[in-house]
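Q: One structure follows; several queries about it will come next.
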Amino acid sequence: MAHPFELTNEFQVDATPEEVWDAIATGPGVDAWFMGRNEIEPREGGTVRTIMRGGTEEGTVQAWEPPNRLAYRTPEGPDGALHAFEYIVEGREKGSTVVRWVHSGFLGENWEAEYEGLSEGDPMYFDKLRVYLTYFRGRTATPVEAFGPAVPNRDEAWTMLHRALGLQSTPSLGDRVRLTPEGLPVLDGVVDWLSRDFLGVRTDDGIYRFMHIAAFGGVTGVGHHVFDDAVDQKEAEEAWGAWLEKVFG
């Protein structure tokens, strides 16, 4: 039996509705804050495609009203599961914009774990959109995604991760940090996201996210967006994947 759900997030940002639209309704824009490589056909009935290492997910555009409303949904699965996404963009005075993201639909047999994961992941991903619009608006990114071994114990996983990043103690939101992952570039930045499953750091040239997903058996991973044309996606993902294996293997 499929289980209905709905999650809503909202923020206000100093960007125009047109700038927000470019970030949510174009492939390069979505690449700068969501997951995988993205392709969007700019019309009602068009295909929204997210290409990740584990496969490709597709949806169909239900509403295309630039720059104020975009909605799309995935096909219904055998168990009745589907995901629908809606963005509502409203301009405000002095060039600011309110962005509302509604993620709804139905979850399948593993719905409790899926809902727990979405409740943690949705706010983090949506906040990456805010970070992109605030600090990197108009720039293109190389998305870097890699996953490592599962670590069932959450406290143990974060202790290992903090140590491997060169952190002497658990960071707090707003802390300036210097990350020193072995075999990878040093990252100087500020902690801009902190939750049970995620540690986020923003540098001058990237949005970096480290994760331990408790709802799915403690899988470990990274989901970065690097605003540097010299970065090769495949090489970067292999390097971060090897690092995760070394840290948690």
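The values are calculated or read from the model by the stated rules, or taken from the named source; none is laboratory data. Everything numeric here is computed off the predicted structure, so don't read it as measured data. Here the Cβ is made from the backbone with ideal geometry for all residues, glycine too, and neighbour counts use every protein chain on show.
Q: Out of region 156-205, which residues are of a type in the set (V, I, T) and either under 23 Å from R139 (Cβ atoms) or at pLDDT below 95 (or both)?
A: Result: T170, V177, V186, V190, V191, V201, T203.
Q: Right, here's the next one. Which residue pairs have Cβ atoms under 7 Å apart, sit 6 or more places apart or on different chains, and have a first residue in region 153-179 that is touching a residue at least 40 places away in the same chain (Cβ under 8 Å) and a second that is in a helix (DSSP H, G or I) and surrounded by 11 or more Cβ atoms within 10 Å (Cβ to Cβ)?
A: R154/A214; M160/V247; M160/F248; L161/V247; A164/V247
Q: Continuing with this model, one more query. Considering only residues that are in a strand (DSSP E or B), free of Cβ contacts under 8 Å to residues at least 12 places away in the same chain and of a type in the set (G, A, S), which ones fall in region 48-104?
A: G55
Q: If a residue must be at pLDDT 95 or above and exposed (fewer than 13 other Cβ atoms within 10 Å of the Cβ), how many such residues does region 35-55 contain?
A: Qualifying residue count for the region: 3.
Q: One residue is enough: does region 27-35 have a residue meeting the conditions without any contact (Cβ under 8 Å) to a residue 60 or more places away in the chain, of a type in the set (A, V, I, L, M, F, W, C), in contact with a strand residue (DSSP E or B) (Cβ under 8 Å, 6 or more places away or on another chain) and on the phi < 0 side of the Ramachandran plot?
A: yes
Q: Within region 185-200, can you find the residues that are part of a loop (DSSP other than H, G, I, E, B) and surrounded by 14 or more Cβ atoms within 10 Å (Cβ to Cβ)?
A: Taking region 185-200 as the starting set, the residues that turn out to be part of a loop (DSSP other than H, G, I, E, B) are 185-186, 195-197.
Across region 185-200, the qualifying residues are P185, S195, D197.
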